[in-house]
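Report on one structure; see the data block that follows.
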């Protein structure tokens, strides 16, 4: 079984690529969704978050108090503390998902994450795909998708890794700079190339 990683900046098109691959039979694990699930449903993660950020981390109904946590992480420069709790838990959960996928005979599993390469290349990955896109197109896509102002998107981009400097850690770099159909076609071609190369 191939264990792949897909990364790229906000609005680069990494989710679009993953949706195409999903249709072609890949098992996709979205790290953000997995993290959100663990923060609510994993008792160990909950305990660590409360100990670090206080009881305000969760609402009375047990749901995650996202605005509070985002404020603590980004406005009070505590993102690293948050990552140190959540990222190892995500890595452990992903490992378990991989084991089940392999036992089920799946051919490829993909971890989609913006911070995939922030501490170097994860050793459990057989290959890494980096999705790149011109900044103007990233801003355009996110403003349409999230209905937010350009300044806010620019602030989010500034908080993300410098993907240009991470290119040497990727096995495949796919550019998303034309039409959506063109990018979907290239995503499909890349998937087929990887599956043929890895199985030969």
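The values are calculated or read from the model by the stated rules, or taken from the named source; none is laboratory data. This one's a predicted model, so the numbers in the text were calculated from it and none came from an experiment. Every residue, glycine among them, receives a Cβ derived from its backbone with ideal geometry; neighbour counts consider all protein chains shown.
Against the test of being on the phi < 0 side of the Ramachandran plot, surrounded by fewer than 18 Cβ atoms within 10 Å (Cβ to Cβ) and touching a helix residue (DSSP H, G or I) at 6+ places or on another chain (Cβ under 8 Å), the options 68, 58 yield a single qualifying residue, 68. Would a scan of segment 4-14 turn up a residue that is over 16 Å from the mean Cα position of the chain (by Cα), under 22 Å from residue 93 (Cβ atoms) and in contact (Cβ under 8 Å) with a residue 40 or more places away in the chain? So far as segment 4-14 goes, no, none of its residues is over 16 Å from the mean Cα position of the chain (by Cα), under 22 Å from residue 93 (Cβ atoms) and in contact (Cβ under 8 Å) with a residue 40 or more places away in the chain. For segment 137-147, the criterion of being at pLDDT 95 or above, surrounded by 15 or more Cβ atoms within 10 Å (Cβ to Cβ) and either over 16 Å from the mean Cα position of the chain (by Cα) or at negative phi (or both) is met by none of the residues. The single residue among 194, 157, 153 that is in contact with a helix residue (DSSP H, G or I) (Cβ under 6 Å, 6 or more places away or on another chain) and either surrounded by 13 or more Cβ atoms within 10 Å (Cβ to Cβ) or closer than 26 Å to residue 107 by Cβ (or both) turns out to be 153. Only one entry in 188, 144, 182 is in a helix (DSSP H, G or I), outside the structural domain of residue 82 (by TED's automatic domain parsing), over 23 Å from residue 74 (Cα atoms) and in contact (Cβ under 8 Å) with a residue 24 or more places away in the chain, namely 188. Only a single criterion out of (1) in contact with a helix residue (DSSP H, G or I) (Cβ under 8 Å, 6 or more places away or on another chain); (2) farther than 26 Å from residue 184 by Cβ; (3) surrounded by 13 or more Cβ atoms within 10 Å (Cβ to Cβ) is not satisfied by residue 44, namely (3).
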